[in-house]
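Novice: Quick one: the structure is below, questions incoming.
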Amino acid sequence: MWVSKSEMRRLLAQISTAESRALRAEDALAAERQSKDWLTLQLTSRLVTKSGQYGLDHEKSEPSQTATQHPRGYTHDPTEIDLAKLEWYKQCAVLAGKDEDDAVMKWEAEMRGEQPIYTYEDEH
C-alpha cells in the first residue's frame, strides 16, 4: 500500500495535533490533581489542628522577618496572668523562708519555655 506525499503530510499533521492536545490534557489533569491534593491536605491539616495535634504544612513555612525576639528570651511578652503568677511565686518563696530572687529565676525560666528545676529540698 502506497501513500502519497500530501496524504502523509496530512497524517503527520493530525498526529502532531493529537499529541499536543494529549499533552495539554495531561498537564491540565496533573494541575487539577495537584490542586485537589493541596485542598485535601489543607482540610486534613485543619482537622488535625482542631483536634489539638500538629498540623501538616503543604509548603515549608519560613519564620517571619518581622517577628522579633524578646530581649530576655521569653516566648511571649508577660501578660497579666504571667505577672500574677510571678507575684504568687514571690509570696510562696516568702512563706517558705526563701529569697524572692529564686522565685523570679524560676518564673523567668518558665517564660523562656524552660522547665524549672526543683530540688528535693524545695519541695519539702
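Novice: What is the extension gain from R9 to Y54, computed as 0.36 nm multiplied by their sequence separation minus the C-alpha to C-alpha distance, in nm to one decimal?
Specialist: Contour length minus the Cα-Cα distance gives 10.2 nm.
Novice: In nm, to one decimal, how far is the R112 label point from the K85 one, both placed 7 Å along Cα→Cβ?
Specialist: Those two pseudo-labels are separated by 1.6 nm.
Novice: Related question: Cut-off under 16 Å on the C-alpha distance; same-chain residues fewer than 8 positions from K106 excluded. Which lysines are left, in chain and number order?
Specialist: In chain and number order, the partners are K85, K90, K98.
Novice: Follow-up. What FRET efficiency comes out for L23 versus L43 if R0 is 25 angstrom and r is the Cβ-Cβ distance? Round to the nearest 0.05.
Specialist: Plugging the Cβ-Cβ distance into 1/(1 + (r/R0)^6) gives 0.25.
Novice: Taking θ = phi - 60°, what integer Hz values does the Karplus form 6.51 cos²θ - 1.76 cosθ + 1.60 yield along region 25-31, in sequence order, with x for Gly and Pro?
Specialist: Those phi angles translate into 5, 5, 5, 5, 5, 4, 5 Hz.
Every number here is computed from the coordinates shown, using simple stated rules; none is lab data. Note that the structure is predicted; figures quoted are calculated from it, not measured. When we count neighbours, we look across all protein chains shown, and the Cβ atoms used for this are built from the backbone with ideal geometry, even at glycine.
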